[in-house]
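Visitor: Handing you a structure now.
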Amino acid sequence: PEAHDGADEGLSAGRHHDDGVRRDEGDPPAVPAAARPEAHRAAAAGWDPLGIDQDVGCQALDEITPSGETYRDVLQLKETFVFLAMRTYLRSLEDRRPAKLEQKRALPRETLMEFFDACNTKLELPETAAFLLEKFQATKERDKRGQFIANMQRDLLEVLGYERDHGCRMLERVQQDFPDDKELQMRMRGWFQKAQGTMMMLEQKVIAAQMQEEMESNPEMAKAREQVAEMTPKEQGELIERMGKKVSVLQGLPVEARREHLSKLMDEDRLEYLKAQILAFSVMQQQAQ
C-alpha cells in the first residue's frame, strides 16, 4: 500500500489509498483496494435496485464527512459496510487457501501485493486491534509485543500458500528481486509503516493506562498536579523536552522495577519526574482523540 498525503481513500472506483498512515479517530474506516471488489459487489446489490449508478452512489458516500450530526447514522452504516467488505475479503483469501504450502518457489509480484493488502486490511479491523491490545497489556516485556503482529503477518503468508519461514526469506529479497519495481517497493514501505504505526498506537494505549493507574494511586501526584498547573506553557514544554526521554524509558520498565527506581530518587527529582509524567500523559490523551 502506497504512502500518500493522508487523504481519505474512497469507495468509488479509481480512488486508491492503501497506505500505512493512520487516519484521525473521527474518520470512518475506508475500503482498502484489495477489499474493493467485495465492496463493489455489495454496492451493486444496494444501488442498482434504486436506479443509481454505482460510482455515483459510492462517490456520494465518499463525500460524507464525520463533522456535524446530519449524517451520523449514515456514517455508522458506512462503517459497518466497510468493515464487512474487509472481513469478506479476508474470508475469501481463507477460502482459497492452498492445501499444500510452497517451500521453494519465490513469491510472485501478485502474491506480494496481495500479502501487503491482506496485512493492512487485517490491522484495520476493530477485533484485531482489541486482540492485539489485550496481548500487549498481558505482555510485560515490550520487546516481545511486536511478535504478535509479526505472527499475524506470518499466518497470512500461509493463507496465501507460502510456508511462513520461507515466505519471510522471500520478503527479505524483494529489493534484490524487484530492484526497479517502484510500486512494489512503495507498497512494501506502506506495509511496514502500517505495522509500525499500529505498534506505536498500541504501545501508547498501554503506557497511558499504566500512567493513569499510577497517577491515581500515587499520593505525591496531587502536589505535582498543582505545580504543573502553575507552570507556563513554555516551562511545560521545557520540562517535557528535558524529561520526556526519561519518562519513556522508565515507562518501558516492569512496574516493580520502575517503582524501585523512583523510590531511590531524591524528593525533588521524583517530583520532576511526576510532573513530566502528567504532561506526557496529557499529550498521549490529545493524540488519541
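Nothing in this text is a laboratory measurement; each read-out follows from the coordinates by a stated rule. Because the structure is a prediction, the values reported are computed rather than measured. Using ideal geometry, Cβ is built from the backbone for each residue, glycine included, and neighbour counts are taken over all protein chains shown.
Visitor: Around LEU271, with a cut-off of 12 angstrom between Cβ atoms, what is the net charge of the other residues, counting Lys and Arg +1 and Asp and Glu -1?
Guide: Summing Lys/Arg as +1 and Asp/Glu as -1 gives -2.
Visitor: List the lysines whose Cα lies under 20 Å from the Cα of LYS100, skipping any in the same chain that are fewer than 8 positions away.
Guide: none
Visitor: I need the peptides 199-206, 50-57 ranked by packing, meaning the mean over residues of other C-beta atoms within 10 angstrom, with the highest value on top.
Guide: 199-206, 50-57
Visitor: About the Cα centre of region 184-289, how large is the charge dipole given +1 on each Lys and Arg Cβ and -1 on each Asp and Glu Cβ? Please answer in debye to the nearest 20.
Guide: The calculation lands at about 720 debye.
Visitor: Of SER217, ALA257, ALA150, which is farthest on the positive side of the dipole of region 143-289, counting Cα position, with +1 on Lys and Arg Cβ, -1 on Asp and Glu Cβ, and the Cα centre as origin?
Guide: After comparing all options, I get ALA150.
Visitor: Sort the following peptides by mean Cβ neighbour count (other Cβ atoms within 10 Å, averaged over residues), highest first: 189-197, 220-228.
Guide: Final packing ranking: 189-197, 220-228.
Visitor: Please list, ordered by chain and number, the residues whose modelled amide H lies under 5 Å from the amide H of GLU102; skip anything fewer than 5 residues away on the same chain.
Guide: Amide H neighbours of GLU102, under 5 Å, 5+ apart: TYR162, GLU163.
Visitor: How would you rank 162-172, 98-108, highest first, on the average number of other Cβ atoms within 10 Å across their residues?
Guide: Answer by packing, highest mean first, reads 162-172, 98-108.
Visitor: Give a residue-ordered list of calculated ³J(HN,Hα) values for region 78-89 (Karplus: 6.51 cos²θ - 1.76 cosθ + 1.60, θ = phi - 60°; whole Hz; x for Gly, Pro).
Guide: 5, 4, 4, 4, 5, 5, 4, 4, 5, 5, 5, 4
Visitor: List the extent of the Cα atoms of region 83-136 along each of their three principal axes, largest first, rounded to whole Å.
Guide: Here the spans come out as 36, 26, 21 Å, largest first.
Visitor: Separate question: State the volume of the convex hull built on the alpha-carbon positions of region 138-231, expressed per residue in Å³ and rounded to an integer.
Guide: Cα convex hull per residue, to the nearest whole number: 149 Å³.
Visitor: Let's see if you can work this out: charge +1 on each Lys and Arg Cβ, -1 on each Asp and Glu Cβ, no other charges. What is the dipole magnitude of region 135-238 about its Cα centre, in debye to the nearest 20?
Guide: Roughly 260 debye, rounded to the nearest 20.
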